[in-house]
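K.L.:
One structure, pasted below without further comment.
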Amino acid sequence: MRRFRSSPGDSGRIRPLRPFSVLCLVALAGCVESGPAEPEPRPEIAWAKARVFLPSGLRGRMEDPAVQEELAGLRGQPVLVYLHGCAGLHATARWDGARYARMGYVTILPDSLAQPGREANCRFDGATPEFGLFPRKYEFRLAEIDYAWSRLKQAAWADRRRLFLAGHSEGGAAVARYPARPGQWAGLIVTGWDCIGGLDSPARIQADPAVPVLAINSRRDPLSRRPGRWCDTSGRPNSWTYRYDAPEHWYGRSRGWIDATAKFLVLNGGPATPGS
């Protein structure tokens with residue numbers, strides 16, 4: 001169909017629009033309708049900005065020269081990758097990282113929120129916690145796990161038979177969602193998550209049944225949508241669910257939590273004499 005226009009100099013005559021004008025209008029309409037580009041996962045940035053806790057006591061970012069120098073001098077170390085919760089690398093995540101390092105693990109906490117455009121999925125600055133602020137969170141978290149695995153399987157300082165994956169809250173849900181294969185991660189630790197299914201959350205652990213899993217949560221977790229639920233680890237080797245009664249979302253300083261994680265790691269190939 002031909003489009004026409006009139007102009008004052010034509011004395012009422014109607015002329016067809018030039019093809020170039022039509023193309024310009026179409027392009028302009030496209031610019032008006034389209035919004036800003038969606039952020040894409042950049043797991044290499046989360047890895048570079050990761051908090052690293054070394055058994056020697058050294059702490060820093062993965063990209064720090066001192067961290068890189070010490071890692072270069074190590075060989076065949078047990079490694080634990082830890083995914084933080086929805087609000088980022090807060091004090092509880094760092095406390096867990098330091099504890100796992102004291103147990104003998106090179107402990108790596110990828111910084112998910114360091115990725116451009118990656119916003120926190122939650123907010124706690126009001127009277128009621130808010131969630132669902134970043135619906136694509138698991139797309140980013142699973143990319144972080146894949147990237148960590150790709151780096152560790154090539155690292156001379158990492159023992160591929162003793163690579164563990166842990167996560168708390170949103171990080172725990174991401175670990176539960178990850179389809180881990182036998183021989184990939186020696187064991188998974190899921191804390192602060194109860195495997196309640198949703199649009200973007202698994203109703204059960206997605207790892208292969210041969211992969212060991214330790215699940216820890218409270219029967220009275222104040223952040224649970226349905227307190228009392230838990231992740232089913234039955235049928236998996238060297239696996240169990242540890243449940244506590246305190247109304248706490250994170251209870252990592254408790255002896256039961258500490259002992260459960262230490263026992264699980266040792267049973268699945270971790271250092272024989274872990275400390276806390």
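K.L.:
Of the residues G117, G167, G126, only one is free of Cβ contacts under 8 Å to residues at least 24 places away in the same chain and either over 25 Å from L54 (Cβ atoms) or not charged (D, E, K, R) (or both); which? So that I can check it myself, show each step before the final result.
P.N.:
Values: G117 fails: free of Cβ contacts under 8 Å to residues at least 24 places away in the same chain; G167 fails: free of Cβ contacts under 8 Å to residues at least 24 places away in the same chain.
Being free of Cβ contacts under 8 Å to residues at least 24 places away in the same chain and either over 25 Å from L54 (Cβ atoms) or not charged (D, E, K, R) (or both) holds for just one of G117, G167, G126, which is G126.
K.L.:
Considering each of P209, P179 in turn, give the residue that is under 24 Å from A143 (Cβ atoms) and open to solvent by 60 Å² or more (accessible area, probe 1.4 Å). Quick ask: steps written out before the conclusion?
P.N.:
On the way: P209 fails: under 24 Å from A143 (Cβ atoms).
So the residue among P209, P179 that is under 24 Å from A143 (Cβ atoms) and open to solvent by 60 Å² or more (accessible area, probe 1.4 Å) is P179.
K.L.:
Working only within the stretch 118-129, note down all residues that are open to solvent by less than 50 Å² (accessible area, probe 1.4 Å), in contact with a helix residue (DSSP H, G or I) (Cβ under 9 Å, 6 or more places away or on another chain) and not aliphatic (A, V, I, L, M). Reasoning before the result, please.
P.N.:
We begin by selecting, within the stretch 118-129, every residue open to solvent by less than 50 Å² (accessible area, probe 1.4 Å); these are 118, 120-122, 126.
Checking the rest, the ones that are also in contact with a helix residue (DSSP H, G or I) (Cβ under 9 Å, 6 or more places away or on another chain) come to 118, 120-122.
If the condition is that a residue be open to solvent by less than 50 Å² (accessible area, probe 1.4 Å), in contact with a helix residue (DSSP H, G or I) (Cβ under 9 Å, 6 or more places away or on another chain) and not aliphatic (A, V, I, L, M), then R118, N121, C122 are the ones that fit.
K.L.:
With respect to D159, is the statement that it is in contact with a strand residue (DSSP E or B) (Cβ under 8 Å, 6 or more places away or on another chain) and surrounded by fewer than 19 Cβ atoms within 10 Å (Cβ to Cβ) true?
P.N.:
Numbers: in contact with a strand residue (DSSP E or B) (Cβ under 8 Å, 6 or more places away or on another chain): yes; surrounded by fewer than 19 Cβ atoms within 10 Å (Cβ to Cβ): yes.
Yes, satisfied.
K.L.:
Taking strands (runs of 3 or more DSSP E) that do not extend beyond the stretch 1-117, which have at least 1 residues that are at pLDDT 95 or above and either out of contact with any Pro (no Cβ under 9 Å at 6 or more places or on another chain) or open to solvent by 70 Å² or more (accessible area, probe 1.4 Å) (or both)?
P.N.:
Numbers: elements: 4-6, 14-16, 51-53, 59-61, 77-83, 106-109.
Hits in the stretch 1-117: 51-53, 59-61, 77-83, 106-109.
K.L.:
Look through S234, S218, S254, S224 and report the one residue that is without any contact (Cβ under 8 Å) to a residue 24 or more places away in the chain and within 29 Å of R123 (Cα to Cα).
P.N.:
Values: S234 fails: within 29 Å of R123 (Cα to Cα); S218 fails: without any contact (Cβ under 8 Å) to a residue 24 or more places away in the chain; S224 fails: without any contact (Cβ under 8 Å) to a residue 24 or more places away in the chain.
It is S254.
K.L.:
Could you check the stretch 162-173 and list, in sequence order, the residues that are of a type in the set (A, V, I, L, M, F, W, C) and either open to solvent by 10 Å² or more (accessible area, probe 1.4 Å) or at pLDDT below 95 (or both)? Write out each step before concluding.
P.N.:
Quick first cut of the stretch 162-173, residues of a type in the set (A, V, I, L, M, F, W, C) only: 163-166, 173.
Answer for the stretch 162-173, where residues must be of a type in the set (A, V, I, L, M, F, W, C) and either open to solvent by 10 Å² or more (accessible area, probe 1.4 Å) or at pLDDT below 95 (or both): just A173.
K.L.:
Continuing with the same structure: For the stretch 186-232, give me the residue count where each residue is among the basic types (K, R) and modelled with pLDDT under 90. Don't jump to the end; show me each part of the working.
P.N.:
Here is the first cut: in the stretch 186-232, the ones among the basic types (K, R) are 204, 219-220, 225-226, 229.
Filter once more, so that each one left must be modelled with pLDDT under 90: 204, 225-226, 229.
Of the residues in the stretch 186-232, 4 are among the basic types (K, R) and modelled with pLDDT under 90.
K.L.:
Within the stretch 118-129, can one find any residue that is in a helix (DSSP H, G or I) and either of a type outside the set (D, E) or modelled with pLDDT of 95 or more (or both)?
P.N.:
The first filter runs over the stretch 118-129 and keeps only residues in a helix (DSSP H, G or I), leaving none.
Scanning the stretch 118-129, I find no residue that is in a helix (DSSP H, G or I) and either of a type outside the set (D, E) or modelled with pLDDT of 95 or more (or both), so the answer is no.
K.L.:
Within the stretch 80-99, which residues are under 18 Å from the mean Cα position of the chain (by Cα), under 26 Å from S56 (Cβ atoms) and touching a residue at least 60 places away in the same chain (Cβ under 8 Å)? Spell out how you get there, then give the answer.
P.N.:
Just the residues of the stretch 80-99 that are under 18 Å from the mean Cα position of the chain (by Cα), to begin with: 80-97.
Those still in the list that are under 26 Å from S56 (Cβ atoms) too: 80-84, 88-97.
Those that are under 18 Å from the mean Cα position of the chain (by Cα), under 26 Å from S56 (Cβ atoms) and touching a residue at least 60 places away in the same chain (Cβ under 8 Å): L80, V81, Y82, L83, H84, T92, A93, W95, D96.
K.L.:
How many residues are on the phi < 0 side of the Ramachandran plot and open to solvent by 60 Å² or more (accessible area, probe 1.4 Å) when one looks only at the stretch 217-236? Quick ask: steps written out before the conclusion?
P.N.:
Of the residues in the stretch 217-236, the ones on the phi < 0 side of the Ramachandran plot are 217-227, 229-234, 236.
From the residues that got through so far, the ones that are open to solvent by 60 Å² or more (accessible area, probe 1.4 Å) too are 219-220, 222-223, 225-227, 229-230, 232, 234.
Matching residues across the stretch 217-236 total 11.
The values are calculated or read from the model by the stated rules, or taken from the named source; none is laboratory data. Fair warning: this is a prediction, and the values are worked out from it, not measured in the lab. Positions of Cβ are generated from backbone atoms using ideal geometry, with glycine treated the same way; all protein chains shown enter the neighbour counts. Keep in mind that these areas ignore ligands, DNA and RNA; they rest on the heavy atoms of the full protein, side chains included. Shrake-Rupley method; radii C 1.70, N 1.55, O 1.52, S 1.80 Å.
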